[in-house]
1. If I take every Cα pair under 8 Å that is 6 or more residues apart in the chain, average their sequence separation and divide by the length, what percent do I get for the relative contact order?
2. Could you work out the relative contact order of segment 127-189, using alpha carbon pairs under 8 angstrom and six or more residues apart, expressed as a whole percent?
3. Just for the chain, what percent of DSSP beta bridges are antiparallel, to the closest 5?
4. Considering the zone a paramagnetic label at residue 51 would reach in this model (a point 7 Å from Cα along the Cα-to-Cβ line), which residues of segment 20-35 have amide N under 20 Å from it?
5. Determine how many Å³ per residue the convex hull of the Cα atoms of segment 111-197 encloses.
6. For segment 35-143, what are Rg and Dmax over the alpha carbons, in angstrom?
7. Please give the length that would be gained between residue 188 and residue 141 if that part of the chain were fully extended, namely 0.36 nm times their separation in residues minus their C-alpha to C-alpha distance (nm, one decimal).
8. Mind ordering 174-183, 114-123, 55-64 by average Cβ neighbours within 10 Å, highest first?
């Protein structure tokens, strides 16, 4: 049995995968494997596989392209590792050998259900973190600030049996909730009193996620999905937690309306006022739909919201 399986969904084989493999090559441990959920219909180059040795590479080719959530769940079922490290094909590991050894020692102990490693991006050759601090563990108040789909290391048995895998509320979904699958997963874990740890010494960057310009539909989908995910995971919690998150959603929507320096910009030329209104509206609508146990709105609704903003420019 392997100690760690790194699960990577791949839709396009490009130079990013070479960079990922290069960053993982620091791990010279035969107890580690990489499971590539390969949806490209093209086998990996053998030289790429040889480069990562002694890490075992499983190139699992799929017949069809499916959502990232299904791809990750598929990889977890194939994996033989005690723990699963979920990464993306354009993510990069930034850690030295000593830090990686520390992580393997933690996994060897086997007492943790989940480890969240530090997430960020590379700016002008330097690592810039997206963590506001380093608390010892995740709870209902801090988890959205620290986790995302590609910085999670989860015990395989806990992931598949206790959490039921990633839900289809996330990137690649066929509805309007284009974010939130990690939120739902971690909230389930906190509810089950999982033993978690935030490990700042292991760093991962994801250049594709932090591009400044995205399509308007994608941005609105992230906003709707954030509201939806938070709502559906809070329903069983205390009134104190509910009040905290309702207040936080309201404040977040208020910031969407008035915050001047947003990190994400849309590709389309639009009226900024109506753009901010749409962000707030989608986030609140997502929260309401989740609270009412409604299935996420279809992509048609999201397209309509985007078109409305473009027409009002």
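None of the figures in this text is laboratory data; all of them are computed from the coordinates on show. From a predicted model like this one, the values you see are computed outputs, not experimental measurements. Every residue, glycine as well, gets a Cβ built from its backbone with ideal geometry; the counts of neighbours run over all protein chains shown.
1. Relative contact order comes out at 17 percent.
2. Relative contact order for segment 127-189 comes out at 31 percent.
3. 35 percent
4. Under 20 Å, as judged by backbone N against the label point of residue 51, lie 20-30, 32-35 of segment 20-35.
5. Cα-based convex hull of segment 111-197, divided per residue, equals 119 Å³.
6. For segment 35-143, the Cα radius of gyration and maximum Cα-Cα distance read 16.3, 45 Å.
7. 15.6 nm
8. Taking the mean over residues of other Cβ atoms within 10 Å, the ranking is 174-183, 114-123, 55-64.
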